[in-house]
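Undergrad: One structure, pasted below without further comment.
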Amino acid sequence: MTTAISPTINPARHTSKKAGSWLVLLLAGVFEIGYALCVAGSKGFTVLGWSISAFIFFLLTLFCLSVALKSIDVGIGYAVWAGIGAVGAAILAPVFFDEVLTPIRALWLAVVIGGVVWLKLADSAKLQRNPEEATVAEPTR
């Protein structure tokens, strides 16, 4: 007789690993903002300082994104990462460059932020159904 040993999943450990992945994804988003701003400042990679900074931020954001995607679904993780980068760059671009954040742009950025928040909530352990707890209704006779 062969006995198969299946690993048990410790819910507390799984939750903390997932929370850590979300923090790394947030960090990846911050690096993405830095990358976007540095690319804009490099003026087509013709300004050396901005270009080197863009390259460093590029490596950091991809590294953090790849670490985060070990535990977060790629569709959710990528959308959140891109949303953080887009919103952050749009908010900070007027600070660093001659750009304007109009009320209509701010409205649509708020929509993006709302979408990112809902994606995070959709990945919440409380909202996901545990397959072990799922029951199949038996047909009535």
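Undergrad: Does any residue in region 78-102 that is more than 12 Å from A28 (Cβ to Cβ) come within less than 6 Å, Cβ to Cβ, of a residue that is not in a helix (DSSP H, G or I) six or more places away or on a different chain, and which pairs are these?
TA: A93/E99; P94/L101
Undergrad: Restricting attention to region 64-75, which residues are touching a residue at least 24 places away in the same chain (Cβ under 8 Å) and surrounded by fewer than 17 Cβ atoms within 10 Å (Cβ to Cβ)?
TA: V67, K70, D73
Undergrad: Given the residues V30, V74, V39, which is the only one that is at pLDDT 95 or above, under 12 Å from the mean Cα position of the chain (by Cα), within 27 Å of G115 (Cα to Cα) and of a type in the set (A, V, I, L, M)?
TA: Criteria check complete, one pass: V30.
Undergrad: Condition first: small (G, A, S) and surrounded by fewer than 17 Cβ atoms within 10 Å (Cβ to Cβ). Now tell me which residues in region 81-113 satisfy that.
TA: Listed by number, the residues that qualify are A82, A106, A110.
Undergrad: Being in a helix (DSSP H, G or I), of a type in the set (A, V, I, L, M) and farther than 19 Å from A28 by Cα is the requirement here; does V67 meet it?
TA: Answer is no for this residue.
Undergrad: What pairs come out if I take residues in region 32-55 that are over 21 Å from A90 (Cβ atoms) and among the hydrophobic types (A, V, I, L, M, F, W, C) and pair them with residues that are in a helix (DSSP H, G or I) and modelled with pLDDT of 95 or more whose C-beta lies under 6 Å away, six or more apart or interchain?
TA: Once the first residue is over 21 Å from A90 (Cβ atoms) and among the hydrophobic types (A, V, I, L, M, F, W, C) and sits in region 32-55, its partners that are in a helix (DSSP H, G or I) and modelled with pLDDT of 95 or more give F45/S51.
The values are calculated or read from the model by the stated rules, or taken from the named source; none is laboratory data. Just so it is clear, the structure is predicted and the values come from calculations on it, not from any experiment. Glycine also receives a Cβ, built like all others from the backbone with ideal geometry; neighbour counts cover every protein chain displayed.
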